[in-house]
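> Provided herewith is a single structure, encoded as structure tokens, for subsequent inquiry.
The values are calculated or read from the model by the stated rules, or taken from the named source; none is laboratory data. If you're wondering where the values come from, they're calculated on a predicted model, not measured in any experiment. All Cβ positions, glycine included, derive from the backbone under ideal geometry; neighbour counts span all protein chains shown. Note: accessible area is taken over every heavy atom of the protein model, side chains too, but ligands, DNA and RNA are not part of it. Shrake-Rupley method; radii C 1.70, N 1.55, O 1.52, S 1.80 Å.
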Amino acid sequence: MNPGVEDLARLGCERMLIFAAEEDYLTVTAKNYYEKLKRSGWKGTIELVENEKEDHYFHLLDLDGDKAQEMRHKFVSFLKQDQFNLL
């Protein structure tokens with residue numbers, strides 16, 4: 001998760017969604033990736049969703065919890081955007 005800026009600028013997708021949980025050991029890495037991608041010259045859109053007071057796999061521990069449901073809805077909405085763009 002530490003690609004060079006040149007590699008990021010050549011990403012083949014048009015959108016990216018990154019989730020980060022505040023208490024996750026990968027949060028710093030996810031945020032750095034987000035910032036690096038924004039500065040890379042990549043032409044796509046990127047969104048960072050941060051979940052406060054949560055750990056790495058919180059959404060699997062409580063599938064019916066509010067934050068897990070919000071995360072699923074956000075992800076499904078993100079995927080559906082492509083579906084509407086293809087019509």
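> Based on the Cβ-Cβ distance of LEU48 and ARG10, what FRET efficiency does E = 1/(1 + (r/R0)^6) give at R0 = 25 Å, to the nearest 0.05?
0.75
> Grab the DSSP H runs of the chain that are 4 residues or longer, score each as -39,500 (n - 2.57), total them, divide by all residues and round the 222 nm result to the nearest 500 deg cm²/dmol.
-15000 deg cm²/dmol
> Could you pull out every residue, at least 5 positions away or on a different chain, whose amide H is within less than 5 Å of the one on ALA21? Hs are placed 1.01 Å off N in the peptide plane, and Pro or chain starts have none.
It is ASN51, by chain and number.
> I've got another one for you. Which value, in debye to the nearest 20, describes the size of the charge dipole of segment 13-80 about its Cα centre when Lys and Arg Cβ atoms bear +1, Asp and Glu Cβ atoms bear -1, and nothing else is charged? Mind dumping the intermediate values first?
Numbers: 11 positive and 14 negative charges, 130 e Å.
The dipole magnitude comes to about 620 debye.
> Continuing with this model, one more query. Residue farthest toward the positive end of the dipole of the chain, with Cβ of Lys/Arg at +1 and Asp/Glu at -1: which of ALA68, GLY4, VAL28?
The one lying farthest along the dipole's positive direction is GLY4.
> Enumerate the residues in segment 11-50 having an amide nitrogen under 17 Å from the point lying 7 Å beyond the Cα of GLU70 toward its Cβ.
So the set is 18-24, 47-50.
> Checking the cross-link filter: which aspartates and glutamates have an alpha carbon closer than 18 Å to that of LYS31, excluding same-chain neighbours under 8 positions apart?
Partners within reach: ASP7, GLU22, GLU23, GLU47, GLU50, GLU52, GLU54, ASP55.
> Could you work out the relative contact order of the chain? I mean the mean sequence separation of Cα pairs under 8 Å and 6+ apart, divided by the number of residues, in percent.
On the way: 94 pairs, mean separation 26.4, N = 87.
Answer for the chain is 30 percent.
> How much area per residue is accessible in the chain when the probe is 1.4 Å and only protein heavy atoms are counted (Å²)?
With the other protein chains kept in place, the chain gives 75 Å² per residue.
> Further, regarding this structure: What are the ³J(HN,Hα) couplings of segment 38-55, residue after residue, when phi is run through the Karplus curve with 6.51, -1.76, 1.60 and θ = phi - 60°? Round to Hz, x for glycine and proline.
Values, residue by residue: 4, 8, 6, x, 4, 8, x, 10, 9, 9, 10, 10, 9, 10, 6, 6, 10, 9 Hz.
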